[in-house]
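Notes follow once the structure below has been shown.
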């Protein structure tokens, strides 16, 4: 029986334009525990989902065809998203770190910025961090 | 990434082949319209997936697609790279078929 919000699984939104990477991340999360996972392959779709049903953790690729990662983070911050964020990218580490700094400057809670592919252990650590940062569920 | 789960490895290996073939097909289509920006985006996307499955030679060629020069030089280079990438996809497919054929066996 579920008698309160703390027992609810962490809500995770995965954003990547590559269905292969999305499936892989979903599978890794499945191995790591019980999560409420949603996926998006477009930045615009992810923004709509953030608005309608904000997750506790947003895991997003920085290279999206419809919007670059920096612009996406700016929109996420403008929407007032107050969950946590993990950035993923196949770009150079310096670019990833710069994106992380810019996102933090927007006021977002960035838990990490990882190159692809992210290792299961690293993802597990980040998910645990997200659980620690978890806020009480927001009422819409 | 997946640990020792032969069936899962097989599943993701085939998913990689399918998404990569779809990506290459899209590159061929957009090359005809001269949309090199989209070719670069797809090169970047497939590069990450190729690295994930350990197809590092394919990832390198995809990185070259990602960094295509402008206009005619870029279009020529893209055509050359795609010719090599299709051959490489055949080889990777053969490798995956060979190495995961018995994945359903206990």
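The numbers here are math on the coordinates, done by the rules we state, and not lab data. Computed from a predicted structure; not experimentally measured. Cβ placement follows ideal geometry from the backbone for every residue including glycine, while neighbour counts extend to all protein chains displayed.
Relative contact order of region A:36-140: 26 percent, from C-alpha pairs under 8 Å at least 6 residues apart in sequence.
Assuming a ≥ b ≥ c are the square roots of the Cα gyration tensor eigenvalues, decide whether region B:40-97 counts as rounded (a/c under 1.5), prolate (otherwise, with a/b larger than b/c) or oblate.
On the way: a/c = 3.32, a/b = 1.68, b/c = 1.98.
Since a/c reaches 1.5 but b/c is at least a/b, the shape of region B:40-97 is classed as oblate.
Nearest-5 percent of antiparallel DSSP beta bridges in the protein assembly as shown?
Details: 1 of 22 bridges.
Rounded to the nearest five, the antiparallel share is 5 percent.
To the nearest ten degrees, helix B:6-32 and the longest principal axis of the Cα atoms of chain B are 10 degrees apart.
Could you work out the helix-only [θ] at 222 nm for chain B, with each DSSP H run of four or more residues adding -39,500 (n - 2.57) and the total divided by the number of residues, to the nearest 500 deg cm²/dmol? Can you show the working numbers first?
Working: 4 runs with 86 residues, N = 106.
Theoretical 222 nm ellipticity from helices: -28000 deg cm²/dmol.
As a rough footprinting exposure proxy, the listed residues B:24, B:16 were ranked by other beta carbons within 10 Å of their own, and the order from fewest upward is B:24, B:16. When a/c is below 1.5 the answer is rounded, else prolate if a/b is larger than b/c, else oblate, so apply that to region A:42-140 with a ≥ b ≥ c taken from the square roots of the Cα gyration tensor eigenvalues. It is oblate, given that a/c is not under 1.5 and a/b is not larger than b/c.
Decide, for the protein assembly as shown, between rounded, prolate and oblate: order the square roots of the alpha carbon gyration tensor eigenvalues as a ≥ b ≥ c, take rounded if a/c falls under 1.5, and otherwise choose prolate if a/b is larger than b/c, else oblate. Don't skip to the answer; put the middle values down first.
Numbers: a/c = 2.36, a/b = 1.37, b/c = 1.72.
Note, shape of the protein assembly as shown comes out oblate.
Averaged over peptide B:37-50, how many Cβ atoms belonging to another chain are found within 10 Å of each residue's Cβ?
Numbers: counts 1, 1, 0, 0, 4, 3, 0, 8, 10, 3, 2, 13, 8, 2.
Partner-chain Cβ atoms within 10 Å, mean over residues of B:37-50: 4.
Can you give the helix-only mean residue ellipticity at 222 nm for chain A, where every DSSP H stretch with n ≥ 4 adds -39500 (n - 2.57) and the sum goes over all residues, rounded to the nearest 500 deg cm²/dmol? For chain A, the value works out to -13500 deg cm²/dmol.
Among B:84, B:40, which comes first, second and so on when ranked by fewest other beta-carbon atoms within 10 Å? Could the numbers behind the result be given before it?
Working: B:84 13, B:40 17.
By the 10 Å Cβ count, ascending: B:84, B:40.
Of the beta bridges in region A:1-97, as assigned by DSSP with both residues counted there, near 5 percent are antiparallel. Distance between the C-alpha centres of region A:1-74 and region B:42-106: 27 Å, rounded to the whole angstrom. As a rough footprinting exposure proxy, the listed residues A:110, B:76 were ranked by other beta carbons within 10 Å of their own, and the order from fewest upward is B:76, A:110. For region B:7-106, the relative contact order comes to 31 percent (Cα pairs under 8 Å, sequence separation of at least 6).
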